[in-house]
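Colleague: Once you've had a glance at the structure underneath, I'll fire off some questions.
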Amino acid sequence: MVLVDLSTGGLVADPDEPATVLEPAADHDALASAAGGNAGPIAILFPSFADGRGFSLARILRDRLGFTGEIRAVGSLIPDQSQFLLRSGFDTAEIADPDAAETWKKTLTIIGRSYQPSARNPLPLRWNASATAAAELDQALAATDDLVERIRLIAERIEGRIAFSTSVGLEDQVILQAIAKSGVVKAGADIDVFTLDTGRLFPEVLETIELSELRYRTRIRLVAPDAREVEELVSRDGVYGFRQSVENRKSCCEIRKVRPLNRALQGAQGWITGLRREQSQARADVPLAEWDAERGLIKINPIADWPDKRLNDYIDANNVVINPLHAQGFVSIGCAPCTRAIEPGEDPRAGRWWWESEDKKECGLHVAESERSVAPVAHREKAA
């Protein structure tokens, strides 16, 4: 038997024995006696994971009887119950199989937000702790100028899966090379490298992925959009309907990129990106690490502070595999219909959605949901 702390997902060392064990059929008098007679742990028995009476007992102890001590769930429990236990007022859960502890921890940490908040819900406290951890990581990354060392710090500080979304651009290729060089994956770090296969990638992008996999001995997953959503989008707007309006274009990015990204990030504790401050005015204040409350993870931009010269020098010095499109004037590479080469001196983002205004041209991957303002496909009329 081991005891899981539901506020952190960690194990409780040397737990106290319960002062009272309540059956699921306990009446109000039994609850009042338990709440008033001691400040020690009150254990509530779950004879079956399908028996939900224990949740109600915990709520009564907290809300009606004002019990502030430890409430412990014992009996037949499964990891899927962890969030409901937490929201109902439980502090700990006793699990029979010590090998299941890691599953409980992952279940507790992958939920990014609470849809059933309560006065005792410790999720905001955990968010605050995560935000603090992100700020501390930001400072640690700023303290070293060595990219490989930064990768090692990321692997050391973040437990669980770290997602690396790559567009196979210059920045992402530099980070991929540094990950391979750092040896963190061989040492056990769980870094999941993937790219968003929108269905409209340049052939050169796919060729660069293959070369990168061979050079760096790293599998790069292709994450595709939902086929039915794409079909509905094209049926409504047309094959090139994204050029008709900014709203149409953002809907296309939402379906082909943002939603697949969000699905790929589920369950990750960290997210590595190739954002740099010099890429655009909108990214001028990008930190090295920050807490992404919307997705419930730490977002890391390990070369955010690199100027263009530093990036190019690193590529040359380390013979980094790069997309051949860069030699043809393509700086920021997205989907083929939405990307063009730029002239010397043009803004790097000028080659993306060039038919739109220059202000804040973003696909939505690095924009908060509240700022994307994209209506669901099913709720919009097909353009006349």
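Colleague: Can you sort Asp145, Asp91, Asp192, Asp14 so the residue with the fewest Cβ neighbours within 10 Å comes first?
Modeller: Taking fewest neighbouring Cβ atoms as first place, the list is Asp14, Asp145, Asp192, Asp91.
Colleague: Another one. To the nearest 500 deg cm²/dmol, what mean residue ellipticity at 222 nm is calculated for the chain from DSSP H runs of n ≥ 4 alone, each contributing -39,500 (n - 2.57), summed and divided by the residues?
Modeller: -10000 deg cm²/dmol
Colleague: Take every DSSP beta bridge whose two residues both sit in the stretch 2-120, then give the antiparallel share in percent to the nearest 5. If you can, show how the numbers build up before the last one.
Modeller: On the way: 5 of 15 bridges.
Bridges in the stretch 2-120 that DSSP calls antiparallel: roughly 35 percent.
Colleague: Something else: Between Arg200 and Arg236, what is the label-point separation in nm under the 7 Å Cα-to-beta-carbon projection?
Modeller: Label-label distance for Arg236 and Arg200, simple model: 1.5 nm.
Colleague: Then there is this: Excluding same-chain pairs closer than 8 in sequence, count the lysine pairs in the chain whose Cα atoms lie under 22 Å apart.
Modeller: The number of close lysine pairs in the chain is 14.
Colleague: I need two numbers for the stretch 255-323: Rg to one decimal and Dmax as a whole number, Cα atoms only, in Å.
Modeller: 14.1, 38
Colleague: Computed FRET efficiency, Cβ-Cβ of Asp308 and Gln244, R0 30 Å: what is it to the nearest 0.05? Show your work: numbers first, answer last.
Modeller: Details: r = 34 Å, r/R0 = 1.13.
After rounding to 0.05, the efficiency reads 0.30.
Colleague: Between Ala282 and Arg64, take the C-beta separation as r, use R0 = 41 Å, and let me know the FRET efficiency to the nearest 0.05. It would help to have the intermediate numbers written out before the result.
Modeller: Values: r = 50 Å, r/R0 = 1.23.
E(calc), rounded to 0.05, equals 0.25.
Colleague: Compute the acute angle (0 to 90°) between the alpha-carbon long axis of helix 123-142 and the principal axis of greatest extent of the alpha-carbon atoms of the chain; round to the nearest 10°.
Modeller: Here the helix axis deviates by roughly 40 degrees.
Colleague: Hey, what angle do you get for helix 147-157 against the long axis of the chain, alpha-carbon based, 0 to 90 degrees rounded to 10?
Modeller: 20 degrees
Colleague: Additional query: Helix 28-37 versus the longest principal axis of the chain: what is the Cα-based angle in degrees, 0 to 90, to the nearest 10?
Modeller: The answer is roughly 90 degrees.
Colleague: Report the full-extension gain for the segment Ala32 to Leu11: residue separation times 0.36 nm, less the Cα-Cα distance, to one decimal in nm.
Modeller: 4.7 nm
Colleague: Report the label-to-label distance for Ala327 and Asp146 in nanometres (one decimal), using points 7 Å from each Cα along the Cα→Cβ vector.
Modeller: About 3.2 nm separates the two model spin labels.
Colleague: Quote the FRET efficiency, to the nearest 0.05, computed for Ala187 versus Phe49 with a Förster distance R0 of 45 Å and r equal to the Cβ-Cβ distance.
Modeller: Calculated transfer efficiency: 0.75.
Colleague: Moving on to the next point. Over all Cα pairs of the chain, how is the pair count split among 10 Å bins, expressed in % and running from 0 up to the last occupied bin?
Modeller: Calculated P(r), rounded to whole percents: 5, 20, 26, 21, 15, 10, 4, 0.
FYI, it's all coordinate maths here, none of it is from the lab. Here the structure is a predicted model, which is why all the values come from computation and not from measurement. Neighbour counts are summed over all protein chains in view; Cβ atoms, including those assigned to glycine, are modelled from backbone coordinates with ideal geometry.
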